[in-house]
1. Could you please give the count of residues in the stretch 110-132 that are outside any strand (DSSP E or B), surrounded by fewer than 21 Cβ atoms within 10 Å (Cβ to Cβ) and in contact (Cβ under 8 Å) with a residue 24 or more places away in the chain?
2. From (1) among the polar types (S, T, N, Q); (2) modelled with pLDDT under 95; (3) within 17 Å of L105 (Cβ to Cβ), pick out the condition that doesn't hold for T47.
3. Which members of the stretch 40-74 meet the condition of being crowded, with 20+ Cβ neighbours inside 10 Å and either charged (D, E, K, R) or at positive phi (or both)?
4. Starting from the stretch 29-42, take each residue that is without any contact (Cβ under 8 Å) to a residue 40 or more places away in the chain and assigned to a helix (DSSP H, G or I) and list its partners that are of a type outside the set (A, V, I, L, M, F, W, C) and surrounded by fewer than 16 Cβ atoms within 10 Å (Cβ to Cβ), counting only C-beta distances under 7 angstrom and pairs at least six apart or across chains.
5. Of everything in the stretch 69-100 that's assigned to a loop (DSSP other than H, G, I, E, B), out of contact with any helix residue (DSSP H, G or I) (no Cβ under 7 Å at 6 or more places or on another chain) and free of Cβ contacts under 8 Å to residues at least 60 places away in the same chain, which residue is farthest from V49 (Cα to Cα)?
6. Look through the stretch 86-142, keep the residues that are out of contact with any Lys or Arg (no Cβ under 9 Å at 6 or more places or on another chain) and charged (D, E, K, R), and return whichever of them is nearest to S65 (Cα to Cα).
Amino acid sequence: MVTKLNSMRFLEAQDVPYEVFTFDDSLHDAVEVAEALGVLPAHLYKTLVVQRASIDKPLLVMIASDRHLELKKLATAIGEKKVTMAAHDDAEALTGLKVGGIGALALVAKNWPVYLDQPATQLQNIYVSAGQRGVNLRIPVNDLVRILKARIVEAT
């Protein structure tokens, strides 16, 4: 049994249904996590920490585990000249979460902008990190967009 995490409490407070899925917390690669959970990589979304040149506040971008972020495409989509991926150590320092367990639902208190890659809108549910390595949540895409105030972008 998984200890109830803040991301789960947040979903419950918002009346969003979710299912908890656990896996070996030594897995850090999102495609490997999808495989361990027996789900298509296109249905498991990883959360990346991205830094903007113009503002100190990072942003979060959620993309399918089998896709790669195109920084120029993301920058254009959000009206920035340049964005960069946060290094692993920086991502962990900024979020307070370990890489492989970074999840937008666990970071709502930081009030960072959240962007969701467009292919997610074709799915009813996606799997996202609960904010701890080894724990993912399956939640409806429409609810995720609503509660995170996520903007849909083409970033991959």
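1. Of the residues in the stretch 110-132, 6 are outside any strand (DSSP E or B), surrounded by fewer than 21 Cβ atoms within 10 Å (Cβ to Cβ) and in contact (Cβ under 8 Å) with a residue 24 or more places away in the chain.
2. (2)
3. K46
4. Short answer, once both residue conditions are applied: V31/D66; A36/D24; P41/D66.
5. Filtering the stretch 69-100 for residues assigned to a loop (DSSP other than H, G, I, E, B) gives 69-70, 79-82, 86-87, 96-100.
If we keep only those that are out of contact with any helix residue (DSSP H, G or I) (no Cβ under 7 Å at 6 or more places or on another chain) as well, we get 69-70, 79-80, 87, 96, 100.
Filter again for free of Cβ contacts under 8 Å to residues at least 60 places away in the same chain, leaving 79-80, 87, 96.
On the way: G79: 17, E80: 15, A87: 9, G96: 12 Å.
Among residues in the stretch 69-100 that are assigned to a loop (DSSP other than H, G, I, E, B), out of contact with any helix residue (DSSP H, G or I) (no Cβ under 7 Å at 6 or more places or on another chain) and free of Cβ contacts under 8 Å to residues at least 60 places away in the same chain, the one farthest from V49 (Cα to Cα) is G79.
6. Here the residue is R138.
The values are calculated or read from the model by the stated rules, or taken from the named source; none is laboratory data. Remember, it's a predicted structure, so these values are computed and weren't measured experimentally. As a convention, Cβ positions derive from the backbone with ideal geometry for all residues, glycine included, and neighbour counts pool all protein chains shown.
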